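For reference, the structure is listed below as structure tokens.
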Amino acid sequence: MNDKTIWPLLFCLTLTPVAVFAQTVPLTQDSWIIPGNSANFGNTTTLSVGGVNSAGVLVQFDLTALPAGTTASNVSKAVLTLFVNKVNAAGTVNISVANGAWTELGVNGNNTPVIASSVASGVSVSTGGTYLYVDATAAVQSWLNGTINNGFLIAPNDGVVNVSFDSKESVTTSHPAGLSITLASTGLTGATGPTGVIGATGA
């Protein structure tokens, strides 16, 4: 390899992104609700969706755990992960952004926040003991842009689905919901290297 090849290569390397990494932010609270029912289920080991009561689930994560100064433009991917504890009846669910504050030990079927924007609709859940992965990039970017983070709301999409996910209180399978955020940042552009030696004139 001669000088003409080395210098352009070194220059290109100074422009290469220097950091791409995924970080899982803490799950702060989770619960499930039965519409019209005042009971609170914030301490249960599983989170139910669907069934005869059309139950729904709420989960919320702490984005302040991200590096200081993280902005929406730094987020290249965000994935919500749910562990399917049990499938009583396969079906589909909708994942949305929750529009309203709630607390794990205070939320119930009478004060559940309403649905804001959709994250994913008609997501199939058919097998227990497996993970469900949902792209939540737009939701996380929106929160980092200033929209209040009230977490996710998971609701039945049909009248068939009856499934449960692990909660953070699970002591058996112990796979609570997770939110993995891939951050990409570009380092400062390095100084331009010296011009390489001019090669000999060709024939």
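Rundown of residues vs (1) assigned to a strand (DSSP E or B); (2) over 22 Å from ALA136 (Cβ atoms); (3) modelled with pLDDT under 95; (4) touching an Asp or Glu at 6+ places or on another chain (Cβ under 6 Å), yes/no style:
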{"residue": "LEU10", "(1), (2), (3), (4)": "no, yes, yes, no"}
{"residue": "THR28", "(1), (2), (3), (4)": "yes, no, no, yes"}
{"residue": "ALA39", "(1), (2), (3), (4)": "no, yes, no, no"}
{"residue": "THR44", "(1), (2), (3), (4)": "no, yes, no, no"}
{"residue": "VAL59", "(1), (2), (3), (4)": "yes, no, no, yes"}
{"residue": "SER73", "(1), (2), (3), (4)": "no, no, no, no"}
Legend entry - Residue in segment 65-74 that is in contact with a Leu (Cβ under 8 Å, 6 or more places away or on another chain), crowded, with 20+ Cβ neighbours inside 10 Å and in contact (Cβ under 8 Å) with a residue 40 or more places away in the chain present: no
Inset, instruction - Name the residue, out of VAL107, VAL123, VAL163, that is over 23 Å from SER73 (Cα atoms) and without any contact (Cβ under 8 Å) to a residue 40 or more places away in the chain. - result: VAL123
Inset, instruction - Starting from residues that are β-branched (Val, Ile, Thr) and at pLDDT 90 or above, keep the ones in segment 12-26 and report whichever is surrounded by the most Cβ atoms within 10 Å (Cβ to Cβ). - result: VAL25
Legend entry - Residue in segment 32-54 that is farthest from the chain's Cα centre (by Cα), counting only those that are open to solvent by less than 30 Å² (accessible area, probe 1.4 Å) and on the phi > 0 side of the Ramachandran plot: GLY51
Inset, instruction - Answer yes if at least one residue in segment 138-148 is without any contact (Cβ under 8 Å) to a residue 60 or more places away in the chain and aliphatic (A, V, I, L, M), and no otherwise. - result: yes
Legend entry - PRO35 vs. criteria touching a residue at least 12 places away in the same chain (Cβ under 8 Å) and either more than 23 Å from VAL160 (Cα to Cα) or among the β-branched types (Val, Ile, Thr) (or both): no
Legend entry - Yes/no for ASN157 being more than 14 Å from the chain's Cα centre (by Cα), over 19 Å from PRO176 (Cα atoms) and of a type outside the set (Ser, Thr, Tyr): yes
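The values are calculated or read from the model by the stated rules, or taken from the named source; none is laboratory data. This one's a predicted model, so the numbers in the text were calculated from it and none came from an experiment. Virtual Cβ from ideal backbone geometry, glycine too; neighbours counted across all protein chains shown. Note: accessible area is taken over every heavy atom of the protein model, side chains too, but ligands, DNA and RNA are not part of it. Shrake-Rupley method; radii C 1.70, N 1.55, O 1.52, S 1.80 Å.
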